[in-house]
Amino acid sequence: MTNHINPLNNPMASNFNRRQLLKTLGAGGAALAGGTLFRPMAALAASDLAFWATGTLDVGDAWSRAADDAGLNVAFTDNGNDPGPAVARLVAGNANDLFDIGGLQGGAEKELAVQGAIVPWDMSKIPNYENVWQWAKDIPYLHHDGKQYGLPAVINADSIIYRPDKLGKVDSYGVIFDPKLKGQVAMEDAWINSAVFAAMYLKESENQKIGNPGNLTADELGLVMEFLIKHKRDGQFRTFWSGWEQGVQLVGDGEVLAMTGWEPIVYEGRKRGLQVEYAAPVEGYEGWGNNLVLLKGAVDRGLGDDAHKFANWLFDGFYGCTLGEQRGYVVPSDRNVAYAEAHASEFDPAKVKALAEHVKAKFSGKVAWQNTRPDNFQLYEEWWQKLRNA
């Protein structure tokens, strides 16, 4: 069963512990938390798992299949996607008291491991991992000190969402900075994406001296951020959006004609009857992985084995097929196609295979890899605050 809960955005969150939270959910009562309504669910057993991840990893009512297939009830909570607050809540806040498994943008594993907020996975307990694509297994952020702390649950490569009925074909990040579209474009309020997109544009289309757009030097970062600050002060951006729901709203309400963002927003826009496309920019894509991490609190509560069961189920095929259908994201595993072929009444094997090939094709060209903890990440934070204040 699924519960979209947001206790960490509630000013009273520090008064919640896991037992109180799950008891509230199990009671089937309604309580407001950060503007989100607690939804009724059946009483939770001790082995039920709380999954705290980026909102686009949620599959709604389909979580019930984890109960059917693996005997696990999953309570899902959106962590907002921004790694800074998520890491802080895991290390110094109460996230480890409330949640068992995290779904975080890749790069923070080392910091979380050093801080003792997460523990390594026992890969012998996740047999389905052998079907994960090798290049996904080779993502460098997954390991620290010879141990595997992250599992590449979902991968994709991001670019530009745009309205072809208004703009024609878009194939460059330059559309975001085009003065003709002043006030009609947007970027995400997160440097992990927006600084990378801007760096890619400046490097590939403006011939600026930038090495790795995902790991900028201090001078490169200054160049990129001054560029963004100037455009913000000039009124170029309608907004810097935050969170999946606001991103969908901007497109759904027709507030912007182009925005950097996540491919699932395109899917949602189409559901609302809009002509929405996802660009293949000449500058390339921003690649990313949303990785599963095992929270220390889960192990302390005796839920380590159940967390491994959940990870194994996630790579078994059903979740990958469902997430692909709903969001256009891919669990990087051959089990997805195999599952669709064995359950053709549930999923179209041709579509599942086509989506996998679509994502693989993105990674065959230019890709700047997202890194939530670049070498100068604290400087990134300082610059981003300057942008917010500009």
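The values are calculated or read from the model by the stated rules, or taken from the named source; none is laboratory data. Here the structure is a predicted model, which means the values were calculated and not measured. Cβ coordinates were reconstructed from backbone atoms using ideal geometry, including for glycine residues, and neighbour counts include every protein chain displayed. Heads up: the accessible areas ignore ligands, DNA and RNA and are worked out on the full protein's heavy atoms, side chains in. Shrake-Rupley method; radii C 1.70, N 1.55, O 1.52, S 1.80 Å.
Of note:
- Every residue from segment 58-94 that is open to solvent by 40 Å² or more (accessible area, probe 1.4 Å) and farther than 18 Å from Ala108 by Cα: Asp61, Ser64, Arg65, Asp68, Asp69, Gly71, Asn73
- Residue in segment 173-190 that is surrounded by the most Cβ atoms within 10 Å (Cβ to Cβ), counting only those that are of a type in the set (Gly, Ala, Ser) and within 26 Å of Lys366 (Cα to Cα): Ala186
- Taken as a whole, the structure leaves Lys180 outside the set of residues that are touching a residue at least 12 places away in the same chain (Cβ under 8 Å), charged (D, E, K, R) and assigned to a helix (DSSP H, G or I).
- Among the criteria (1) in a helix (DSSP H, G or I); (2) surrounded by fewer than 21 Cβ atoms within 10 Å (Cβ to Cβ); (3) not β-branched (Val, Ile, Thr), the one Tyr380 does not fulfil is (2).
- Some residue of segment 155-163 being in contact with an Asp or Glu (Cβ under 7 Å, 6 or more places away or on another chain) and part of a helix (DSSP H, G or I): no
- Residue in segment 198-215 that is open to solvent by 50 Å² or more (accessible area, probe 1.4 Å) and touching a strand residue (DSSP E or B) at 6+ places or on another chain (Cβ under 9 Å) present: yes
- Number of the condition not met by Leu292 [criteria: (1) part of a helix (DSSP H, G or I); (2) closer than 21 Å to Leu112 by Cα]: (1)
- You will find that of Ala344, Ala307, the residue that is part of a helix (DSSP H, G or I) and either open to solvent by less than 10 Å² (accessible area, probe 1.4 Å) or among the hydrophobic types (A, V, I, L, M, F, W, C) (or both) is Ala307 and no other.
- Scanning segment 59-84 for residues that are of a type in the set (Val, Ile, Thr) and touching a strand residue (DSSP E or B) at 6+ places or on another chain (Cβ under 6 Å) yields a count of 2.
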